[in-house]
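Asker: Got a structure for you, written out below as structure tokens; questions coming shortly.
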Amino acid sequence: MAVSKRLFSGMTGASMALCLSLGTVSSTMAHTTLKQQQPAPILPGTPAGKQAQGLVDALNSGKADTLRSFVSGQMGGRLLAEIPLDSHVERLQGFGERAGKITLIRVLESSPNQIRVLIKEAKSGRDSVLYIRTTDTAPQKIDGIGISRAEPWDTLPLPEVPKGKATEKQVAEYLDAFLKPLVAADAFSGSVLVAKDGKIAYRKAFGLASRAWNAKNQPDTKFNLGSMNKMLTSVAIAQLMEQGKLKWDDTLGTSLPDWPNKDAAPKIKLSHLLMHTSGIGDYFNDDFAKASRDRFRTVADYFPLYANQPLAFEPGNRFSYSNGGFMTLGGVIEKVSGKDYFTYIRENIYTLAGMPNSDSYDLDDDIPNLATGYSYERSLTGPAPGPRKRYSNIILHVIKGGPAGGGYSTADDLFHFDQALRSGKLIKKETFERLLNANGAEKNDSKADKRAYGFGFQTEWKNGQRIVGHSGGFPGINSNLDMYLESGWTVVVLRNYDSGASAVSDHLKDWLTR
């Protein structure tokens, strides 16, 4: 799923990471990738660069009052509303005490409002990555912050993107050179597909689908999608709207009359659920962590985890990424279509788009050519103590994915999904545009880079071009689909490791939009 407060609570302890309400996954971040070995002892004078420097100075001061003053003065109101000031200070102070003096090594990515910086921790000698995002408007306070262990793609000498406009041959050659050191360092395991104007230019797989059986990943291996299933749920809702069975402004009380929270149901519109502005929370909570995964096989099985919880805010007031909201949409699809969610998606998306190797499988069945996920996390509360080691995620994840994520697909099938959306095979082209143009995701005619979340789709502008799709992440899962609507490129990256899909797809964005 996207980075959320689950990850905030799930990355504490010796290998602590702070992920404070990032909102959407960082693979959607508009950025400029700098040369990997270029020293950057002085951070850029951008809003994000200044805030990063301020945080480093506050941590290096070793003074609790200085750190508290920085947090209270520079963090945006949304962050402080979601997580109390004392919690921010406590976590950052704990990191500072364990890290010791922080030394800046180099800037990894930088844009006016976002920055990633490679840092060295004096006490542990470990390389880490500091991430800062600021608000778009003045005063530009910190809107997202993260400190995580550096990964090989942050530290290895990787090839620079060629100059000029990309060709299919150049992209294939670059990906081979880019992925080779990552695979050698056991930093990439998965499948990559790149196409141009509907023709595949690159299609390869790396690493192992099963370490126990030494089974290699193949281009047609089935990988867990994480939150990418949200696109399918969004398209299904759009199909039912085209049939006149639903409307954007239908309330939850109208479309799902049995919804248990009777106070919230009349306030929540389908558009709120699709845009993550409903106020509904997440089902990855303590009750889920303590429960047997066997309890959750149908859409309705998840409702007791979150449905009766008070709304976090009045619907429509703000954005807060919600897996529960999309699970609820799955219930709407079942009620309106008269079919269970999985059958509807199978008949109306997978079959129509030509996706024979995609589904939400029951993981206690023997599914051929299915990749096992491997994670450094051994539980939902954080990494295991001791030396860093990858564990199977089989006991962490859901036993059957659904409307919010957790289904499986292949790089080939996702390419077919991309082509079916572009051609109007699944929904009308104007309906697809409607899914993209929500929550401020209007067409951007300028050269400014920015991003937005529409109705179940993420939209990013790079060099004035739109890149749409979705990403997904969970322990042992990382996936990404980028559809370049203007230039005709398609990029699919599927991994059965914790992260790294964006390390591939993000390095291509500036090049493919030239």
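The values are calculated or read from the model by the stated rules, or taken from the named source; none is laboratory data. Predicted model only: the values in this text are computed from it and were never measured. All Cβ positions, even for glycine, are placed from backbone atoms using ideal geometry, and neighbour counts span all protein chains on display. With ligands, DNA and RNA removed, areas are computed over all heavy atoms of the protein, side chains included. Shrake-Rupley method; radii C 1.70, N 1.55, O 1.52, S 1.80 Å.
Asker: Please give the charge dipole size of the chain, origin at the Cα centre, charges +1 on K and R Cβ atoms and -1 on D and E Cβ atoms. Round to the nearest 20 debye.
Answerer: 900
Asker: Still on this structure, I have one more. Just the accessible area per residue of segment 76-203, please: how many Å² with a 1.4 Å probe?
Answerer: That works out to 43 Å² for each residue.
Asker: Separate question: Among 344-355, 363-374, what's the highest-first ranking by average C-beta atoms within 10 angstrom per residue?
Answerer: 344-355, 363-374
Asker: Return the distance in nm (one decimal) between the two label points of a simple spin-label model at SER210 and ASP263, each offset 7 Å from Cα along Cα→Cβ.
Answerer: Here the answer is 5.0 nm between the modelled labels.
Asker: Extension gain ILE83-PHE313, at 0.36 nm per residue separation less the Cα-Cα distance, in nm?
Answerer: Between ILE83 and PHE313, full extension yields 81.4 nm more.
Asker: Give, in nm to one decimal, the length gained when the segment between LYS245 and ASP57 is fully stretched (0.36 nm per residue of separation minus the Cα-Cα distance).
Answerer: Result for the pair: 62.0 nm of gain on full extension.
Asker: Answer rounded, prolate or oblate for segment 102-214, using the Cα gyration tensor with square roots of eigenvalues a ≥ b ≥ c: rounded when a/c is under 1.5, else prolate when a/b is larger than b/c, else oblate.
Answerer: Working: a/c = 2.19, a/b = 1.39, b/c = 1.58.
It comes out oblate by the Cα gyration axes.
Asker: Show me 414-423, 71-80, 497-506 ranked by packing, highest mean number of other Cβ atoms within 10 Å first.
Answerer: Taking the mean over residues of other Cβ atoms within 10 Å, the ranking is 497-506, 414-423, 71-80.
Asker: Can you show me the helix-derived [θ] at 222 nm for the chain, built from DSSP H runs with n ≥ 4 at -39,500 (n - 2.57) apiece and divided by the number of residues, rounded to the nearest 500.
Answerer: Calculated from helices alone, the mean residue ellipticity at 222 nm is -9000 deg cm²/dmol.
Asker: Looking at TRP248, ALA215, TYR174, which one has the Cα that reaches farthest to the positive end of the dipole of segment 135-270 (charges on Cβ: Lys, Arg +1; Asp, Glu -1)?
Answerer: Going by the charge dipole, the pick is ALA215.
Asker: Please compute the length gained on full extension between SER292 and SER69, using 0.36 nm multiplied by the number of residues separating them and subtracting their Cα-Cα distance.
Answerer: Taking 0.36 nm per residue and subtracting the Cα distance, the gain is 75.9 nm.
Asker: May I pose another question? Using the structure shown, list the pairs from LYS216/LYS389; LYS63/LYS101; LYS245/LYS339; LYS267/LYS290; LYS247/LYS450; LYS199/LYS400 with a Cα-Cα distance above 22 Å, or answer none.
Answerer: LYS267/LYS290; LYS247/LYS450; LYS199/LYS400
Asker: Collect residues whose amide H, placed 1.01 Å from N in the peptide plane, falls under 5 Å from the amide H of GLY402; neighbours closer than 5 in sequence don't count.
Answerer: When sequence neighbours closer than 5 places are left aside, the close amide H contacts are GLY407.
Asker: What distance in nm separates the simple spin-label points at LYS335 and ILE395, each placed 7 Å from Cα in the Cβ direction?
Answerer: Each label point lies 7 Å from its Cα, and together they span 3.8 nm.
Asker: Sticking with this structure for a sec: Tell me the carbon and sulfur percent of the accessible area for the chain, rounded to whole percent, probe radius 1.4 Å.
Answerer: Reported share for carbon and sulfur atoms: 51 percent.
Asker: If I compute Rg and Dmax of the Cα atoms in Å from the structure I just sent, which labelled value in (i) 25.5, 87; (ii) 26.2, 93; (iii) 21.8, 62 lines up?
Answerer: Here Rg and Dmax of the Cα atoms in Å agrees with entry (iii).
Asker: Around ASN369, what is the net charge, scoring Lys/Arg as +1 and Asp/Glu as -1 over all other residues with Cβ under 15 Å from its Cβ? Don't jump to the answer; show the numbers that get you there.
Answerer: Numbers: positive: LYS216, LYS222; negative: ASP220, ASP359, ASP365, ASP366, ASP412, ASP413.
Once all neighbours under 15 Å are counted, the net charge is -4.
Asker: Another one. Label-point separation (nm) for ASN437 and LYS101, each offset 7 Å from Cα along Cα-to-Cβ?
Answerer: About 5.6 nm, to one decimal.
Asker: Heavy-atom accessible area per residue, segment 267-405, 1.4 Å probe: how many Å²?
Answerer: Per-residue accessible area for segment 267-405 comes out at 42 Å².
Asker: Can you grab the distance from the C-alpha centre of segment 213-233 to the C-alpha centre of segment 301-380, Å, no decimals?
Answerer: Using only Cα atoms, the two centres lie 15 Å from each other.
Asker: From Cα pairs below 8 angstrom and at least 6 apart in sequence, can you work out the relative contact order of the chain, rounded to a whole percent?
Answerer: Across the chain, relative contact order equals 18 percent.
Asker: List the residues, sorted by chain then number, that are 5 or more residues from LYS204 or on another chain and whose placed amide H is less than 5 Å from its amide H.
Answerer: Answer set, sorted by chain and number: VAL192.
Asker: Provide the packing ranking of 235-246, 457-468, i.e. peptides ordered by the mean count of other C-beta atoms within 10 Å per residue, highest first.
Answerer: By packing density, highest mean first, the sequence is 457-468, 235-246.
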